[in-house]
1. Heavy atoms only, probe 1.4 Å: what % of the accessible area of segment 298-378 goes to carbon and sulfur, would you let me know?
2. On average, how much accessible surface per residue is there in segment 218-307, in Å², for a 1.4 Å probe, leaving out ligands, DNA and RNA?
3. Within a Cβ distance under 14 Å of GLU394, other residues only, what is the Lys/Arg minus Asp/Glu net charge?
4. Could you calculate the contour length gain from THR330 to ARG295, that is, 0.36 nm times the residue separation minus the distance between their Cα atoms, to one decimal place in nm?
5. Near the amide H of LYS465, under 5 Å away, which other amide H atoms are found, from residues 5 or more places off or on another chain, if H is placed in the peptide plane?
6. Using unit Cβ charges (K, R positive; D, E negative) and no other charged atoms, how large, in debye to the nearest 20, is the dipole of segment 287-441 about its Cα centre?
7. Quick one: 3J(HN,Hα) in Hz for segment 259-266, Karplus 6.51/-1.76/1.60 with θ = phi - 60°, rounded, Gly and Pro as x.
8. For segment 320-478, report the accessible area per residue in Å² (1.4 Å probe, heavy atoms, rounded to an integer).
Amino acid sequence: MRRVLFVFVFGLALLAYPLITLAQTDDTPVEPDNPDNSQPVEFVPRYHTVAEGESLYFIATFYGVTQEAMEIANSITDPTLLFVGQQLLIPAADGEIVPATYAPRFGENLDIIAERFGATPNEIIRENYLLSPNSVIGGQPLRVFSRTGSSTPGEAPGVGHIVRPGETLATISAQYGLTLAAVMDANDLTDDLRLHTGQRLRIPTLSNDAYTTAPGLWQEMSFNNFPIRQGDTVAVYIEYLEPGTPFGRITSPTGELIPIRFKPEGDGYTGLIGFDAFSAPGQWDVVIGGEGDARPWDTFETSFFVAGAGFSTQYIPLEDDQELRNTENTFLNTIFIDSNPEPLWTDVFRIPITGTVSAGYGDARSYNNGPIYAFHSGIDFRGNIGTPIFAPAEGVVVFAGELGLRGNALIVDHGMGVMTGYYHLDGFDVALGETVEPLQQIARGGDTGLSTGPHLHWDLRVWGKAVHPTRWLERLFP
Ligand SMILES: [Zn+2]
């Protein structure tokens, strides 16, 4: 019940969001910066609301910018077509600004993000009402005024350098054949007394290498699929300089712990994490470490953000048997976590049935107007008794039998924690232990178990978590 309340409150917060955004917009003309000020003028995003009789040339002159810069910043093709009340972005006098939204990668700080967009850290702080330069959270979108010429960031070039005892900026700069100023500038250092052992510096090399923000001996640490919403599947990839066995876990805002199960992949390790529809929205923590062959890996801790997906509530005119549901879920979970470590699929998943969707994934469920303790774990497709059902990808049948709620049930293991379930079936076309190929007929639709008519319930599990199956029809994981 607490989770449901949480989802509800967060849903309200989402609804209120556009109002907050509007309220934040400053439509009062701001005086141009004092031209006598000899300090470099820092760009502050400003807006102007067009009043009766104003021309673009008049407004540009008022703010000390060119009419052309105004046209670029506001995508104006015909400057005579201004209207009263129109909101105009006032660009910096020296360049083109493209408003962008950016979900930071792990370990990226404001300096790096600012450099990649040609923005300044202070500008990002102001624009996002950040409480401190450290409040950048992986995956939580930031508003950025890009000066790269588009809304996409450039890479900040360079390699990482960990300061060892006795090293100074002078010795490090010399080691890489760079000037002191170049290294200081790349790291936003204002004096050379601030180095400490273990500090990570970015060395702005001339190579095409993009600077990776992972700390210490970590080479890479990425969550593929930012920003994360309820129902998402996320692929994690990590690389460490020393051999060993990685471990990791994520913790939800409500204290739920989910282990990350890694398998070797290239020079590193990869794993899949499922966020179900009841995943608590907000800030999650992640801890990744490893048992090294020689010594333990550095433990890496950071945070990321999970957004609510705005699922609603379905009212089902049936009596549920909560005790039976719990028993059945407990039994199925023993199957769901016993997956082949290696992925068996080779392509994007295919839809298992041709039929219209009668109930989508993720909506909270109330049976006979009772309390909400479950969400719809998959997608319901309308069909007739006997409608053919096909395998979405390569896999192995790990369950084929009758269950109290789900009726005749078939479960296929696709490896790497991924399983698909087919419920309320009329009959099976494959047997336990059988290997299946994509689009091979595996079962026939029916109306068995707790069901209001012939349909297929299809769900997709990632290490037991019921995720949005449609996402697997759209892209190839990991
Ligand atoms: Zn269903």
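1. Solvent-exposed carbon and sulfur of segment 298-378 make up 50 percent of the total.
2. On a per-residue basis, segment 218-307 sits at 40 Å².
3. Net of charged neighbours comes to -4.
4. Extending this stretch completely gives an extra 8.8 nm.
5. The list, which skips near neighbours in sequence, is empty: none.
6. Here segment 287-441 has a charge dipole of around 480 debye.
7. After applying 6.51 cos²θ - 1.76 cosθ + 1.60, I find x, 9, 9, 9, 9, x, 8, x Hz.
8. So segment 320-478 comes to 40 Å² accessible per residue, rounded to a whole number.
The values are calculated or read from the model by the stated rules, or taken from the named source; none is laboratory data. Here the structure is a predicted model, which is why all the values come from computation and not from measurement. Methodologically, a virtual Cβ is constructed for each residue, glycine included, from the backbone with ideal geometry; neighbour enumeration extends over all protein chains shown. Surface accessibility is based on the protein's heavy atoms, side chains included, excluding ligands, DNA and RNA. Shrake-Rupley method; radii C 1.70, N 1.55, O 1.52, S 1.80 Å.
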